[in-house]
Amino acid sequence: MVLPWAVSALMLLLMTACQQESSIVKQTKSYIQAQETVGVYSSSRALYLYNENEHQLSFRPQAKSCLFQTDDQRTYLEMSLSDDPAEKKKLSLYVSTRGYSGLDKEYKVEVLAVDKEKHLVKLFNQVSLTGFLMYYEW
């Protein structure tokens, strides 16, 4: 037998957890929206960033792919989209790396922002709280 007060307490606990998760998602999205450097962000910290003094940056339009790599090609990070980006659109993002660890090969992402002037696409995966800033040419 479940006591009525136990059900109420459980419902309150679940509502609080959902509100906190929503708050974390909003905070992470806001953090990613404020970034301007191509790279990968987790929660509210930068993981792997493009640095113009260390990396080459390229875009392949046919593959909808952004790549940054060191001159010796010992490390690289490539991000490819399943389709052209548009704000609020849901896409698949494919990641290929060398020298970077901890990233999955595929993410379901939401397009947070498209900045054609700065050639940036801001992407977010809600499950892992991971953000991606891609260089993109239209």
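Brief remarks follow.
- Spatially proximal aspartates and glutamates relative to Lys29 (Cα-Cα < 14 Å; intrachain offsets below 8 disregarded): Glu21, Glu87, Glu110
- Ranked by the mean number of other Cβ atoms within 10 Å of their residues, highest first, the peptides 36-42, 115-121, 86-92 come out as 36-42, 115-121, 86-92.
- Annotation: the residues Thr130, Thr28, sorted from fewest to most other C-beta atoms within 10 Å of their own C-beta, follow the order Thr28, Thr130.
- Distance between modelled label sites at Ala34 and Trp138, nm, 7 Å Cα→Cβ extension: 2.6 nm
- Contact order for the range 4-135, expressed relative to its length and based on alpha carbon pairs under 8 Å spaced 6+ residues apart, stands at 21 percent.
- Pairwise label distance in nanometres, Lys116 with Ser96, each label 7 Å out on the Cα-Cβ vector: 2.9 nm
- Label point at Glu87 placed 7 Å out along Cα→Cβ; residues across the range 103-138 whose backbone nitrogen lies under 19 Å: 109-125, 132-138
The numbers here are math on the coordinates, done by the rules we state, and not lab data. Here the structure is a predicted model, which is why all the values come from computation and not from measurement. Backbone-built Cβ (ideal geometry, glycine too); neighbour counts: all protein chains shown.
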